[in-house]
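The values are calculated or read from the model by the stated rules, or taken from the named source; none is laboratory data. Just so we're clear, the structure is a prediction, and the values are computed from it rather than from any experiment. Cβ coordinates were reconstructed from backbone atoms using ideal geometry, including for glycine residues, and neighbour counts include every protein chain displayed.
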Amino acid sequence: MKPSEAKKEIEALSTQIEEHNDRYYVQNKPSISDAEYDRLLKRLMALEEEFPQFKLPTSATQRVGAKVEGNLPTVTHRLKMLSLDNTYSIDEIKLWYERVVKGLSPHAGDFLRSSPHAGDSLLVKGQQISLTAEPKIDGVSCALTYKEGQLVLGATRGDGSVGEDVTHNVKTIRSVPLKLKGKGHPQQLEVRGEVYMDKEDFARLNRQRQEQGEELFVNPRNAASGSLKLLDSRLTVSRRLRFFVHSFGILEGKNHPESQWEFLQQCQTYGFAVNPFSLLCKNLDEVIRFCHQMQQKRQELLYDVDGIVIKVNNLAQQQQLGATMKSPRWAVAFKFPAYQATTLVKEITVQVGRTGVVTPVAEFQPVFCGGVTISRATLHNFDEIKRLNINSGDRVLIERAGDVI
Ligand code: IVH
């Protein structure tokens, strides 16, 4: 690729991604699927790596997350809220694990060849690194600060450095303890987790909004995000948001855990909800088995899970591995194949069933979605299609709700 071409593409991608960020994070109205967004971002990262001279100071890759909305007070995170590296491939998970092993043993190369230096490193020859595997909840990242056991602040991630103060809304979430249970908790504790909405609550909310002629939310995550940013927390209560704790920022004082697993267990005793499918794994094989199992189970769950987060369990090992500007080296996300894709409506036709029932059908430009190619969809909610005025030639975001027959 010619440098001049790279420069052009970098600029175009940056603008495009920024537009999508704005639609997604500020307007709660995404127009492309996560997989496509990730693809754009990865392309931009690759180009910036190859042509660093063209990297813009305002590049989309400089941000971890979103723009801050103006109307809620802002909060500067004491410790940046990082994002996670993610991949759709098990082979890449294996490569991540190899990097972890290398990172934890300065003489890894040696001890793979059974060198006597092996004993110098943190890892003993052949030792496996224990890992946690946790469902990746498709919600909104949130940091909750407790001082002397009392909830004093709830903040969104925002752009990773500065988020919004949503304490009033967080307090309406029943799975968030206002006061930590038990004794012996740290003087200062900032837990991080996911605010999300159950699929059923999301469907109920959208039904209500449709009846009231209000705009519908695209998915449970956007509904959770919109609800968490409401100014009037009396409205938030009825949204029935939920919270799963998954990590921590600040942890000062007594009873510092030694591992992620111990932290999750402590959180349970403090009164937080920890995802019940979280698993402590002795080795990577167990993690991979879990990834496959959860992918099968995914549809049965009450809430959206878009992958598995894999973490090095030991906190000293996590510290040794450290982080890049964007994400920790001790964790990675295995993402399930996307159920969403964008495509063009070719035409809207009518299908007449055996019993004479007439169902409108949208014919699409075929698009790959969650492992299969989709070229048509029956339109059971035709009123909504009419309301949105969807016609041939329109670009649409489609989401697979079940198996394709
Ligand atoms: S650990 C350094 N664990 O996924 C980030 N994150 O794509 C440590 N997420 O910002 C986060 N489920 O909001 C972690 N079990 C889980 C998670 C999880 C969902 C979110 C989190 C993060 C995003 C990254």
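Restricting to region 370-403, count the residues that are in a strand (DSSP E or B), touching a Phe, Trp or Tyr at 6+ places or on another chain (Cβ under 9 Å) and in contact (Cβ under 8 Å) with a residue 40 or more places away in the chain.
3
Filter region 135-148 down to the residues that are over 15 Å from R242 (Cβ atoms), of a type outside the set (A, V, I, L, M) and surrounded by 19 or more Cβ atoms within 10 Å (Cβ to Cβ) and list them by number.
K136, T145, Y146
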Practice prompt. Look at region 252-274 and say how many of its residues are at pLDDT 95 or above, outside any helix (DSSP H, G or I) and crowded, with 20+ Cβ neighbours inside 10 Å.
Written response: 0
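Looking at region 293-312 only, could you name the residues that are more than 10 Å from the ligand (Cβ to nearest atom), of a type outside the set (D, E) and surrounded by 21 or more Cβ atoms within 10 Å (Cβ to Cβ)?
Filtering region 293-312 down to residues more than 10 Å from the ligand (Cβ to nearest atom) leaves 293-304, 312.
Narrowing the set further to residues that are of a type outside the set (D, E) leaves 293-299, 301-303, 312.
Of everything in region 293-312, those that are more than 10 Å from the ligand (Cβ to nearest atom), of a type outside the set (D, E) and surrounded by 21 or more Cβ atoms within 10 Å (Cβ to Cβ) turn out to be M294, Y303, V312.
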Worksheet item: Does region 340-358 include one or more residues that are of a type outside the set (K, R), within 16 Å of the ligand (Cβ to nearest atom), farther than 30 Å from E286 by Cβ and outside any strand (DSSP E or B)?
Response: no
Worksheet item: Could you count how many residues in region 77-106 are out of contact with any helix residue (DSSP H, G or I) (no Cβ under 8 Å at 6 or more places or on another chain) and among the basic types (K, R)?
Response: 3
